[in-house]
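Each remark here refers to the structure printed beneath this line.
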Amino acid sequence: MMPVRSHYLIDRYIIKKIIMIVTIIELMILIPTIITPTIFVVNASDETAAWSITFQFTETNGASNSVIFGEKPDALDTLDQYDLPEPPAPPQIPYIRSWFETSFKVPFNNLLQEFKSSSSNMAVWNLSLIWFAAPDNLSNTTINILWDSSLVNSNHTQSLLLYENDVNVANMVTDNSHSFSTNGSLRRFQIIYQIETSKESEKPTELPILPFVLSGVVCIVIITTAIFFVKRKKN
């Protein structure tokens, strides 16, 4: 008959082996799940790519003008090398004057070309426009604003809207022009560009429940089986 002390040591040895086996099995099941990298649903395109649009202004009497705006990765929202002042008015009339109004010092307070940093999710350009008619012309004229919407950075979802007096007058992504009648009064517009980030662009990682349930079931089965055999040996 085996001594009680020896029997006790054997039981402890078996229990330690069981615990070790159970631990190894749990690690084999759970480690691949835990170390799986977080997957983020993001757009793989370059959201800081440069883009620009030229506004072409024309009117029924033959006057024309243009301005340029856009974004560049190395541009600044303050004054930088891409911001060009508006040139002097032409000597002949009629003519159209157009400029981006800024808080910069003269002569950069009125810009022919204004670029902003593409690192931000929103940018605003303040556009002013005025038509100077011939002295004997007292009638209104129609001014057309034309642009190429395909030049907008379309690598990611964005909105590019043209406003006048806080009223949206054109969706510049889908439209290519805007027309209005004027008698020579100053017209003020706002161009608002905004990146529309998706709410589903980032999702927190959720650990699957199945591996944990499976590891628990395996542990219970192993422990129950071990206890059964230990009791059977005692008997």
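The values are calculated or read from the model by the stated rules, or taken from the named source; none is laboratory data. Model, not experiment: these values are computed from the prediction. We place every Cβ from the backbone using ideal geometry, glycine too, and count neighbours over all the protein chains shown.
Okay, here's what the table says:
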quantity: Selection from the range 35-82 of residues that are modelled with pLDDT of 65 or more, farther than 14 Å from Leu111 by Cα and polar (S, T, N, Q); calculated: Ser52, Gln56, Thr58, Thr60, Asn61, Ser64
quantity: Single match in Asn137, Asn144 (criterion: in a strand (DSSP E or B) and touching a residue at least 12 places away in the same chain (Cβ under 8 Å)); calculated: Asn144
quantity: Residue check for Phe189: assigned by TED's automatic domain parsing to the domain that holds Ser103, within 22 Å of Pro73 (Cα to Cα) and in contact with an Asp or Glu (Cβ under 9 Å, 6 or more places away or on another chain); calculated: no
quantity: Matching entry among Gly70, Gly62 (being more than 18 Å from Arg188 (Cβ to Cβ) and surrounded by 18 or more Cβ atoms within 10 Å (Cβ to Cβ)); calculated: Gly70
quantity: Some residue of the range 180-192 being exposed (fewer than 12 other Cβ atoms within 10 Å of the Cβ) and part of a strand (DSSP E or B); calculated: yes
quantity: Looking only at the range 164-179, and only at residues there that are out of contact with any Phe, Trp or Tyr (no Cβ under 7 Å at 6 or more places or on another chain) and in a strand (DSSP E or B), the one that is surrounded by the fewest Cβ atoms within 10 Å (Cβ to Cβ); calculated: Val167
quantity: Search result, residues across the range 96-118 that are in a loop (DSSP other than H, G, I, E, B) and either out of contact with any Ser or Thr (no Cβ under 6 Å at 6 or more places or on another chain) or buried (at least 16 other Cβ atoms within 10 Å of the Cβ) (or both); calculated: Thr102, Ser103, Phe104, Lys105, Val106, Pro107, Phe108, Ser118
